[in-house]
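The next block holds one structure in the form of structure tokens; read it before the comments.
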Amino acid sequence: MQTLAHFGDGGPGPWILFFPVIWALVIGGGIALLRRTVWRGRRGPGRPTVEDTSPIAVLGHRFASGEIDEDEYWRRLSVLDEQFGRHGKGGAR
């Protein structure tokens, strides 16, 4: 720290510590902004969304928990696909 104080000899002085602090604040602010906007609601238990309570999602949960077998899952999914207009078996809209 003694060498930083001798800025009269052509050294950078104590201002060299200012720039890492500024970068840390910029990065921390960016992460805080992303957590409040983009990443909100992607993790942890929260309110169920419309997609979590849709009949297709409920059917998927029942299949995953073992309440229904694969044949019954595909049979019911084909009926729900016709009713709700979803295309394909992959789950993409």
Answer with yes or no whether Glu72 is modelled with pLDDT of 80 or more and outside any helix (DSSP H, G or I).
no
When you scan segment 39-60, do you find a residue that is modelled with pLDDT of 85 or more and open to solvent by 70 Å² or more (accessible area, probe 1.4 Å), even just one?
no
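The values are calculated or read from the model by the stated rules, or taken from the named source; none is laboratory data. Computed from a predicted structure; not experimentally measured. These area figures cover heavy atoms from the full protein model, side chains too; ligands, DNA and RNA do not enter into them. Shrake-Rupley method; radii C 1.70, N 1.55, O 1.52, S 1.80 Å.
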